[in-house]
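Report on the structure given below.
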Amino acid sequence: HPITSPDINPIESTWLDLKTILSHSPHYSLNIEKLCTIILLASDELLIKSINRHIRIMQECVKATLAAKGDHTKF
């Protein structure tokens, strides 16, 4: 169903960026409190430029999702 497709949700694309930042943190799995702190710091590192990049390609993502009738796309 295209309306629920992660391909047309710009926040979905930023998860990879966030996970990449987290994976470079040497202490991200020590305990839940430290993990929460590191997640907050990592979310601050997500650059507006990165988020805007994901938003700029939304029109292309929507077209691809519609063409695929809601099925998987390259996004």
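The values are calculated or read from the model by the stated rules, or taken from the named source; none is laboratory data. If you're wondering where the values come from, they're calculated on a predicted model, not measured in any experiment. Here the Cβ positions follow ideal geometry from the backbone for every residue, glycine too, while neighbour counts run over all protein chains shown. Please note that ligands, DNA and RNA were not included when accessible areas were found on the heavy atoms of the full protein model with its side chains. Shrake-Rupley method; radii C 1.70, N 1.55, O 1.52, S 1.80 Å.
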In this structure, the FRET efficiency calculated for ALA67 and ASP44 from their beta-carbon separation, with R0 = 35 Å, to the nearest 0.05, is 0.45
Rounded to the nearest 10 Å², the 1.4 Å probe accessible area of GLU60 is 100
In the structure shown, of LYS19/LYS69; LYS19/LYS49; LYS34/LYS74, the pairs separated by more than 23 angstrom at the C-alpha atoms are LYS19/LYS69; LYS34/LYS74
The stretch 12-75, Kirkwood Rh and Cα Rg, ratio Rg/Rh at 1.13
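As an exercise, use a Förster radius of 22 Å and the Cβ-Cβ distance of GLU60 and ASN9 to find the FRET efficiency, rounded to the nearest 0.05.
E(calc), rounded to 0.05, equals 0.95.
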Ranking CYS61, CYS36 from most to least accessible area with a 1.4 Å probe gives CYS36, CYS61
